Amino acid sequence: MKVLQNLILATSITVLIVSCGNVERAGVSVPIEPTEELIEALNGTEFSIVLNDMNIDEQNGKDLFQHKYHVLKVIKDALIVDSLDWQTVNKDFFLKHENDLGMEIVSNHNNKLSRVAKPVGFDWAVGNEKHGQWEVETDSTKTGTGPQRSYWRPHTSSGLFWYWMLSRRTYQSHYAGHRAYSNTGKTYYGKTQNGGTTYGTNSAYEKTKRSNFFTRRNTSATYKSFTARKSASSSRYKGASSTRSKSGGFGK
């Protein structure tokens, strides 16, 4: 029994030391998320809020979590894009959308408000014949009857035409995958042949299009410190869970 008590004491001291070396720091808080303020301000308008950039800074000894947004508004079939400057968000909201760079995180179309992240336009523009049509992809370098893919081709008369032309192709298989996920209230990120994601922060597309974010994340001391503390915190919780599970056997 004494050996067991000493072991428990030593484990507690070790956990305390590790905890002190990776103290979780308080974050700057806001009373209401900027996206909720936008929802109220854009009431009656069809819109999408796209997560355009993310950052972690420091303010008065606290972590400062920030987002940048593109607000897409559809007015009389015309697309208006407003680019907002840095907005302070709460830590939980930041963590919720860490994987959603370049995606809609809030949208309101056809009188349906959604707070589920999704690829831009998949719920309101893609598949809407008013804005475009599905077209079979052709490859002049290949002959024969190999597999063909359909992609979304926007009408030149659509207010969304130039927006879509400046982005990547949207394939029908991705759209179908999103629809399946959407029915369960989940976010569709897609999957590449090498196991990566097609959409969101971890996609190769975003690493190229929004390279400034990845450079900042990899070089910012504040961002690195937060990532290290989050990783240490996650490890402690796992260790504590494992210890509790094992200790339950002593009473049997």
Q | Selection within region 109-134 - surrounded by fewer than 20 Cβ atoms within 10 Å (Cβ to Cβ) and either at negative phi or in contact with a strand residue (DSSP E or B) (Cβ under 6 Å, 6 or more places away or on another chain) (or both) | A | H109, K112, L113, S114, R115, V116, N128, E129, K130, Q133, W134
**Q.** Of all residues in region 151-208 being aromatic (F, W, Y) and over 13 Å from K118 (Cα atoms), the one that is surrounded by the fewest Cβ atoms within 10 Å (Cβ to Cβ)
**A.** W162
Q. Does Y189 meet the test of being at pLDDT 85 or above, farther than 14 Å from V126 by Cβ and in a loop (DSSP other than H, G, I, E, B)?
A. yes
Q) In the list W124, W134, which residue meets the criterion of being in a loop (DSSP other than H, G, I, E, B) and of a type in the set (F, W, Y)? A) W124
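For the condition of a type in the set (S, T, Y) and closer than 18 Å to S182 by Cα, what is the one hit in S114, S83? Lay out the reasoning, then the answer.
Working: S83 fails: closer than 18 Å to S182 by Cα.
One residue alone meets the criteria, S114.
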(Q) So D100 ticks every box in (1) acidic (D, E); (2) farther than 30 Å from S29 by Cβ; (3) within 20 Å of the chain's Cα centre (by Cα) but one. Which box is left unticked? (A) (2)
Q | Unique match (being in the same structural domain as S167 (by TED's automatic domain parsing), in a loop (DSSP other than H, G, I, E, B), at pLDDT 95 or above and closer than 28 Å to T170 by Cα) among G195, G200 | A | G200
Q. Quick check: is even one residue across region 14-37 at pLDDT 85 or above, buried (at least 18 other Cβ atoms within 10 Å of the Cβ), aliphatic (A, V, I, L, M) and within 30 Å of G121 (Cβ to Cβ)?
A. no
Q | Pairs with Cβ under 9 Å, 6+ apart, first in region 159-182 and within 13 Å of Y205 (Cβ to Cβ) and outside any strand (DSSP E or B), second among the basic types (K, R) and at pLDDT 80 or above | A | S167/K209; R168/K209; R169/R149; R169/R153
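Only one of these is modelled with pLDDT of 95 or more and part of a helix (DSSP H, G or I): F213, F226. Name it.
On the way: F226 fails: modelled with pLDDT of 95 or more.
Just one listed residue meets the conditions, F213.
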Q.
Cβ contacts < 9 Å: first residue not assigned by TED's automatic domain parsing to the domain that holds H97 and at pLDDT below 95, restricted to region 41-63; second residue part of a strand (DSSP E or B) and of a type outside the set (D, E, K, R), any location; separation 6+ or different chain. Result?
A. none
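The values are calculated or read from the model by the stated rules, or taken from the named source; none is laboratory data. Keep in mind that what you see is a predicted model, and the values were worked out from it rather than measured. Here the Cβ is made from the backbone with ideal geometry for all residues, glycine too, and neighbour counts use every protein chain on show.
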